[in-house]
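Q: Got a structure here, written out as C-alpha coordinates. Questions coming.
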(Lines give C-alpha, C1' and ligand atoms only; values in the text may rest on other atoms or scores of the structure.)
Protein backbone atom coordinates (compact mmCIF):
# COMPACT_ATOMS: atom_id res chain seq x y z
CA UNK A 1 0.00 0.00 0.00
CA UNK A 2 1.34 3.40 -0.96
CA UNK A 3 2.06 5.70 1.96
CA UNK A 4 0.19 8.97 2.20
CA UNK A 5 2.30 12.09 1.61
CA UNK A 6 4.09 13.25 4.75
CA UNK A 7 2.89 16.52 6.26
CA UNK A 8 6.48 17.58 6.85
CA UNK A 9 5.57 21.12 7.88
CA UNK A 10 3.41 19.84 10.73
CA UNK A 11 6.29 17.76 12.10
CA UNK A 12 8.72 20.64 11.63
CA UNK A 13 6.48 23.14 13.41
CA UNK A 14 6.01 20.81 16.39
CA UNK A 15 9.75 20.09 16.66
CA UNK A 16 11.33 23.43 15.87
CA UNK A 17 8.97 26.35 16.12
CA UNK A 18 7.30 28.06 19.06
CA UNK A 19 5.76 31.05 17.34
CA UNK A 20 3.77 32.32 20.30
CA UNK A 21 6.98 32.44 22.34
CA UNK A 22 8.90 33.99 19.42
CA UNK A 23 6.34 36.78 18.96
CA UNK A 24 6.68 37.70 22.64
CA UNK A 25 10.48 37.45 22.40
CA UNK A 26 10.81 39.81 19.43
CA UNK A 27 8.47 42.27 21.10
CA UNK A 28 10.67 42.13 24.21
CA UNK A 29 13.79 42.77 22.10
CA UNK A 30 12.17 45.88 20.67
CA UNK A 31 11.17 47.06 24.13
CA UNK A 32 14.72 46.58 25.41
CA UNK A 33 16.38 48.38 22.51
CA UNK A 34 13.76 50.98 21.62
CA UNK A 35 11.90 51.51 24.91
CA UNK A 36 8.61 51.43 23.02
CA UNK A 37 6.06 49.05 21.53
CA UNK A 38 6.46 47.70 17.98
CA UNK A 39 3.25 47.57 15.99
CA UNK A 40 4.28 46.64 12.42
CA UNK A 41 6.29 43.51 11.56
CA UNK A 42 7.89 42.31 8.34
CA UNK A 43 8.70 38.59 8.48
CA UNK A 44 11.37 37.75 5.89
CA UNK A 45 11.80 34.19 4.61
CA UNK A 46 8.42 33.69 6.27
CA UNK A 47 7.71 30.13 5.04
CA UNK A 48 4.39 29.14 6.60
CA UNK A 49 4.21 32.69 8.09
CA UNK A 50 3.09 31.32 11.45
CA UNK A 51 5.02 34.07 13.26
CA UNK A 52 3.15 36.76 11.34
CA UNK A 53 -0.15 35.12 12.24
CA UNK A 54 0.85 35.10 15.89
CA UNK A 55 1.99 38.71 15.69
CA UNK A 56 -1.41 40.05 14.65
CA UNK A 57 -2.94 38.16 17.59
CA UNK A 58 -0.71 39.95 20.11
CA UNK A 59 -2.40 43.34 19.88
CA UNK A 60 -5.43 44.75 17.99
CA UNK A 61 -3.19 47.35 16.31
CA UNK A 62 -0.44 44.96 15.21
CA UNK A 63 0.10 44.45 11.47
CA UNK A 64 2.31 41.93 9.68
CA UNK A 65 3.81 41.69 6.19
CA UNK A 66 5.15 38.21 5.34
CA UNK A 67 7.59 37.69 2.43
CA UNK A 68 8.83 34.49 0.81
CA UNK A 69 9.50 33.18 -2.70
CA UNK A 70 8.54 29.53 -2.14
CA UNK A 71 4.84 28.95 -2.95
CA UNK A 72 4.60 25.61 -1.11
CA UNK A 73 5.07 26.82 2.49
CA UNK A 74 3.11 29.98 1.72
CA UNK A 75 0.12 27.88 0.67
CA UNK A 76 0.54 25.66 3.73
CA UNK A 77 0.36 28.73 5.93
CA UNK A 78 -2.80 29.91 4.21
CA UNK A 79 -4.54 26.58 4.82
CA UNK A 80 -3.19 26.04 8.35
CA UNK A 81 -1.75 29.01 10.26
CA UNK A 82 -4.24 31.53 8.89
CA UNK A 83 -7.24 29.42 9.86
CA UNK A 84 -6.70 30.40 13.51
CA UNK A 85 -7.17 34.10 12.76
CA UNK A 86 -10.29 36.14 13.32
CA UNK A 87 -11.58 38.35 10.52
CA UNK A 88 -10.03 41.41 12.16
CA UNK A 89 -6.66 39.70 12.57
CA UNK A 90 -6.72 38.47 8.99
CA UNK A 91 -7.22 42.01 7.71
CA UNK A 92 -4.00 43.06 9.44
CA UNK A 93 -1.96 40.31 7.78
CA UNK A 94 -0.51 40.61 4.28
CA UNK A 95 1.29 37.63 2.72
CA UNK A 96 3.25 38.28 -0.47
CA UNK A 97 5.28 35.95 -2.66
CA UNK A 98 8.21 38.30 -3.04
CA UNK A 99 11.99 38.39 -2.84
CA UNK A 100 13.28 39.71 0.48
CA UNK A 101 15.78 41.70 -1.59
CA UNK A 102 13.06 44.33 -1.74
CA UNK A 103 12.31 47.68 -0.20
CA UNK A 104 8.77 47.72 1.21
CA UNK A 105 6.64 50.18 3.12
CA UNK A 106 8.41 51.13 6.38
CA UNK A 107 7.75 48.93 9.40
CA UNK A 108 8.87 48.98 13.01
CA UNK A 109 10.42 45.53 13.06
CA UNK A 110 11.96 43.21 10.46
CA UNK A 111 12.69 39.63 11.48
CA UNK A 112 14.68 37.04 9.51
CA UNK A 113 14.27 33.90 11.60
CA UNK A 114 15.31 30.26 11.53
CA UNK A 115 18.84 31.32 10.49
CA UNK A 116 17.44 31.91 7.02
CA UNK A 117 19.82 34.75 6.07
CA UNK A 118 22.63 32.16 5.95
CA UNK A 119 21.37 31.41 2.46
CA UNK A 120 23.40 34.46 1.39
CA UNK A 121 26.91 33.12 0.86
CA UNK A 122 28.58 36.22 -0.57
CA UNK A 123 29.32 39.33 1.44
CA UNK A 124 27.86 41.60 -1.26
CA UNK A 125 24.60 39.62 -1.24
CA UNK A 126 24.10 39.90 2.51
CA UNK A 127 25.07 43.58 2.43
CA UNK A 128 22.49 44.23 -0.29
CA UNK A 129 19.81 42.46 1.76
CA UNK A 130 20.65 44.51 4.85
CA UNK A 131 20.51 47.76 2.86
CA UNK A 132 17.03 46.89 1.61
CA UNK A 133 16.00 46.00 5.15
CA UNK A 134 17.29 49.32 6.51
CA UNK A 135 15.35 51.25 3.88
CA UNK A 136 12.21 49.34 4.87
CA UNK A 137 12.33 50.44 8.53
CA UNK A 138 10.71 53.49 10.10
CA UNK A 139 13.51 56.07 10.48
CA UNK A 140 14.55 56.69 14.07
CA UNK A 141 12.40 53.84 15.32
CA UNK A 142 12.87 50.67 13.27
CA UNK A 143 14.91 47.59 14.09
CA UNK A 144 15.95 44.52 12.10
CA UNK A 145 16.67 41.26 13.94
CA UNK A 146 18.55 38.22 12.64
CA UNK A 147 18.82 35.06 14.69
CA UNK A 148 22.23 33.42 14.51
CA UNK A 149 23.71 30.16 15.72
CA UNK A 150 27.16 28.73 16.30
CA UNK A 151 29.37 26.58 18.46
CA UNK A 152 31.07 23.20 17.92
CA UNK A 153 27.76 21.39 17.32
CA UNK A 154 27.20 23.50 14.19
CA UNK A 155 30.53 22.63 12.57
CA UNK A 156 31.17 19.04 13.65
CA UNK A 157 29.71 16.27 11.49
CA UNK A 158 27.10 14.25 13.33
CA UNK A 159 23.48 13.86 14.33
CA UNK A 160 21.46 15.25 17.23
CA UNK A 161 18.26 13.19 17.70
CA UNK A 162 15.49 14.41 19.98
CA UNK A 163 12.17 12.84 21.01
CA UNK A 164 9.14 14.99 20.28
CA UNK A 165 5.88 14.32 22.11
CA UNK A 166 2.96 15.93 20.33
CA UNK A 167 -0.73 15.72 21.13
CA UNK A 168 -1.59 16.05 17.46
CA UNK A 169 1.14 13.87 15.94
CA UNK A 170 2.12 11.48 18.73
CA UNK A 171 5.69 10.70 19.69
CA UNK A 172 8.37 10.79 16.99
CA UNK A 173 12.09 11.47 16.64
CA UNK A 174 13.42 14.69 15.16
CA UNK A 175 17.07 14.64 14.10
CA UNK A 176 19.27 17.59 13.16
CA UNK A 177 22.37 16.56 11.22
CA UNK A 178 25.46 18.49 10.18
CA UNK A 179 26.42 16.80 6.92
CA UNK A 180 29.30 19.05 5.89
CA UNK A 181 31.36 22.07 6.93
CA UNK A 182 34.29 23.81 5.25
CA UNK A 183 36.42 25.84 7.72
CA UNK A 184 37.91 27.93 4.89
CA UNK A 185 34.68 29.11 3.26
CA UNK A 186 32.28 28.44 6.16
CA UNK A 187 30.02 26.64 3.71
CA UNK A 188 27.81 24.41 5.82
CA UNK A 189 25.26 21.71 5.02
CA UNK A 190 22.53 20.44 7.31
CA UNK A 191 19.54 18.13 7.14
CA UNK A 192 16.43 17.39 9.20
CA UNK A 193 15.19 13.81 9.48
CA UNK A 194 12.11 12.35 11.14
CA UNK A 195 11.53 8.85 12.47
CA UNK A 196 7.81 8.29 12.78
CA UNK A 197 6.27 5.16 14.35
CA UNK A 198 4.27 3.03 11.88
CA UNK A 199 5.85 5.00 9.03
CA UNK A 200 9.57 4.66 9.58
CA UNK A 201 12.44 7.03 8.89
CA UNK A 202 11.99 10.06 6.68
CA UNK A 203 15.40 11.31 5.68
CA UNK A 204 16.21 14.77 4.36
CA UNK A 205 12.74 16.16 4.96
CA UNK A 206 14.50 19.53 4.93
CA UNK A 207 18.04 20.33 3.77
CA UNK A 208 20.09 23.52 4.07
CA UNK A 209 23.04 24.83 2.07
CA UNK A 210 24.35 27.81 4.04
CA UNK A 211 27.29 29.97 4.85
CA UNK A 212 27.69 30.01 8.62
CA UNK A 213 28.14 33.71 9.39
CA UNK A 214 29.53 35.03 12.68
CA UNK A 215 28.23 37.75 15.00
CA UNK A 216 31.11 40.20 14.30
CA UNK A 217 30.59 39.82 10.56
CA UNK A 218 26.86 40.57 10.84
CA UNK A 219 27.44 43.63 13.03
CA UNK A 220 30.08 44.99 10.65
CA UNK A 221 27.81 44.48 7.65
CA UNK A 222 24.88 46.14 9.42
CA UNK A 223 27.03 49.18 10.14
CA UNK A 224 28.19 49.26 6.52
CA UNK A 225 24.56 49.02 5.39
CA UNK A 226 23.75 52.20 7.27
CA UNK A 227 22.34 51.00 10.59
CA UNK A 228 23.17 53.55 13.29
CA UNK A 229 23.72 50.99 16.03
CA UNK A 230 23.90 47.22 16.50
CA UNK A 231 23.20 45.19 19.62
CA UNK A 232 23.40 41.51 20.50
CA UNK A 233 20.79 39.67 22.56
CA UNK A 234 22.50 36.80 24.37
CA UNK A 235 20.94 34.22 26.68
CA UNK A 236 22.38 35.03 30.13
CA UNK A 237 20.32 32.43 32.01
CA UNK A 238 22.43 30.31 34.36
CA UNK A 239 20.41 27.12 33.90
CA UNK A 240 20.13 25.35 30.55
CA UNK A 241 16.35 25.04 30.72
CA UNK A 242 15.88 28.74 31.47
CA UNK A 243 16.00 31.57 28.95
CA UNK A 244 16.84 35.21 29.54
CA UNK A 245 17.99 37.17 26.50
CA UNK A 246 19.55 40.52 27.29
CA UNK A 247 21.64 43.07 25.43
CA UNK A 248 25.29 42.36 26.14
CA UNK A 249 28.77 42.70 24.67
CA UNK A 250 30.13 39.48 26.14
CA UNK A 251 28.97 35.89 25.61
CA UNK A 252 29.95 32.58 27.15
CA UNK A 253 31.07 29.62 25.00
CA UNK A 254 28.56 26.81 24.53
CA UNK A 255 28.43 23.59 22.52
CA UNK A 256 25.61 25.10 20.51
CA UNK A 257 24.22 28.58 21.02
CA UNK A 258 21.54 30.83 19.57
CA UNK A 259 21.73 34.62 19.70
CA UNK A 260 20.03 37.56 18.02
CA UNK A 261 21.75 40.47 16.28
CA UNK A 262 19.74 43.66 15.86
CA UNK A 263 20.38 46.73 13.74
CA UNK A 264 18.75 50.02 14.72
CA UNK A 265 18.06 52.90 12.33
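The values are calculated or read from the model by the stated rules, or taken from the named source; none is laboratory data. Computed from a prediction, not measured in an experiment: that's the story for all the values here. Cβ: placed from backbone, ideal geometry, glycine included. Neighbour counts: every protein chain shown.
Q: So if I check each of 66, 23, which one is under 27 Å from residue 229 (Cα atoms) and not in a helix (DSSP H, G or I)?
A: 66
Q: Sticking with this structure for a sec: Might you let me know whether segment 34-42 holds any residue that is closer than 22 Å to residue 194 by Cα, surrounded by fewer than 17 Cβ atoms within 10 Å (Cβ to Cβ) and outside the structural domain of residue 164 (by TED's automatic domain parsing)? Walk me through how you get there before you give the answer.
A: Just the residues of segment 34-42 that are closer than 22 Å to residue 194 by Cα, to begin with: none.
Scanning segment 34-42 turns up no residue that is closer than 22 Å to residue 194 by Cα, surrounded by fewer than 17 Cβ atoms within 10 Å (Cβ to Cβ) and outside the structural domain of residue 164 (by TED's automatic domain parsing).
Q: Look at residue 36 and say whether it is over 16 Å from residue 112 (Cα atoms), out of contact with any strand residue (DSSP E or B) (no Cβ under 6 Å at 6 or more places or on another chain) and assigned to a loop (DSSP other than H, G, I, E, B).
A: It is true that residue 36 is over 16 Å from residue 112 (Cα atoms), out of contact with any strand residue (DSSP E or B) (no Cβ under 6 Å at 6 or more places or on another chain) and assigned to a loop (DSSP other than H, G, I, E, B).
Q: Among the residues of segment 79-96, which ones are in contact with a helix residue (DSSP H, G or I) (Cβ under 6 Å, 6 or more places away or on another chain) and closer than 23 Å to residue 126 by Cα?
A: If the condition is that a residue be in contact with a helix residue (DSSP H, G or I) (Cβ under 6 Å, 6 or more places away or on another chain) and closer than 23 Å to residue 126 by Cα, then no residue fits.
Q: So which residues in segment 159-214 are at negative phi and not in a strand (DSSP E or B)?
A: Listed by number, the residues that qualify are 167, 168, 169, 182, 183, 184, 185, 197, 199, 212, 213, 214.
Q: Specify the residue that is nearest to residue 194 (Cα to Cα); the eligible residues are those in segment 7-19 that are surrounded by fewer than 17 Cβ atoms within 10 Å (Cβ to Cβ) and under 13 Å from the mean Cα position of the chain (by Cα).
A: 16
Q: Let me ask something else. Take residue 188 and decide whether it is modelled with pLDDT of 95 or more, assigned by TED's automatic domain parsing to the domain that holds residue 43, surrounded by 17 or more Cβ atoms within 10 Å (Cβ to Cβ) and touching a strand residue (DSSP E or B) at 6+ places or on another chain (Cβ under 8 Å).
A: Here the answer is no, as residue 188 does not meet what is asked.
Q: I'm trying to understand the selection: among the residues of segment 238-250, which are surrounded by 12 or more Cβ atoms within 10 Å (Cβ to Cβ) and without any contact (Cβ under 8 Å) to a residue 24 or more places away in the chain?
A: Correct list: 243, 248.
Q: Right, another one. Considering 111, 100, which residue is over 20 Å from residue 206 (Cα atoms), at pLDDT 95 or above and in a strand (DSSP E or B)? Spell out the reasoning first.
A: Working: 100 fails: in a strand (DSSP E or B).
Answer to the selection: 111.
Q: Within segment 123-135, which residues are touching a strand residue (DSSP E or B) at 6+ places or on another chain (Cβ under 8 Å) and surrounded by fewer than 22 Cβ atoms within 10 Å (Cβ to Cβ)?
A: 134
Q: Take segment 1-36 and flag every residue that is without any contact (Cβ under 8 Å) to a residue 12 or more places away in the chain and farther than 26 Å from residue 69 by Cα.
A: 1, 2, 4, 31, 35
Q: Within segment 198-221, does at least one residue satisfy the condition of being in the same structural domain as residue 29 (by TED's automatic domain parsing), at pLDDT below 95 and surrounded by 13 or more Cβ atoms within 10 Å (Cβ to Cβ)?
A: No, segment 198-221 has no match at all.
Q: Could you check segment 114-133 and list, in sequence order, the residues that are under 14 Å from residue 68 (Cβ atoms) and assigned to a loop (DSSP other than H, G, I, E, B)?
A: Passing the criteria: only 114.
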